[in-house]
1. Return one whole number: the accessible area per residue of the chain in Å², for a 1.4 Å probe.
2. At q = 0.15, 0.25 Å⁻¹, what is the log10 ratio I(q)/I(0) for the range 48-95, with the Debye formula run over Cα points and no solvent?
3. If you consider only alpha-carbon coordinates, what radius of gyration and Dmax does the chain have, in Å?
4. Kindly write out, for the range 61-73 in residue order, the coupling ³J(HN,Hα) from the Karplus curve 6.51 cos²θ - 1.76 cosθ + 1.60 (θ = phi - 60°), rounded to whole Hz, with x marking Gly and Pro.
5. Per-residue counts of other Cβ atoms within 10 Å, averaged by peptide: what ranking do you get for 61-74, 11-24, highest first?
6. If you roll a 1.4 Å probe over the range 47-95 with all protein chains in place, what percent of the accessible area is carbon or sulfur?
7. Measure nothing but the geometry: give the 0 to 90° angle between the long axis through the Cα atoms of 16-32 and the longest principal axis through the Cα atoms of the chain, rounded to 10°.
8. I need the phi-derived Karplus couplings for the range 82-95: 6.51 cos²θ - 1.76 cosθ + 1.60, θ = phi - 60°, integer Hz, Gly and Pro marked x.
Amino acid sequence: MNQYELALVVNAKVEEDVKTATVEKVKEYITKFGGTITGVDEWGKKRLAYEIQKMKEGFYYFIKFDSDANCPNELEQILRITDNVIRYLCVKQEA
């Protein structure tokens, strides 16, 4: 099992329940693809470094999880087409 961290930026213009549902859906996908979530950090609303799709702010989440090497690939395929997810980055943590 490898350790990964997923940085997730969610659209700041959506309601609280939609934002929460989006993050919960991402966590469900992680467990569906064989991962185990070890931690979730919510950084809140932050200003983006540059405009993305005419948006200047986004909600930042950092999800740490353990999984095999296939999970991040499967997860990125889903995140690529997920509504309300502006940007994402999944990186492997060094031991």
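The values are calculated or read from the model by the stated rules, or taken from the named source; none is laboratory data. If you're wondering where the values come from, they're calculated on a predicted model, not measured in any experiment. Please note: Cβ atoms are built from the backbone with ideal geometry, for glycine as well, and neighbour counts cover all protein chains shown. With ligands, DNA and RNA removed, areas are computed over all heavy atoms of the protein, side chains included. Shrake-Rupley method; radii C 1.70, N 1.55, O 1.52, S 1.80 Å.
1. 63
2. -0.50, -1.06
3. For the chain, the Cα-based Rg and Dmax read 13.0, 39 Å.
4. 9, 10, 10, 9, 8, 10, 6, 7, 6, 7, 4, x, 5
5. 61-74, 11-24
6. That share works out to 46 percent.
7. 20
8. Computed from phi, the couplings for the range 82-95 are 7, 5, 6, 9, 7, 9, 8, 7, 10, 10, 7, 7, 6, 6 Hz.
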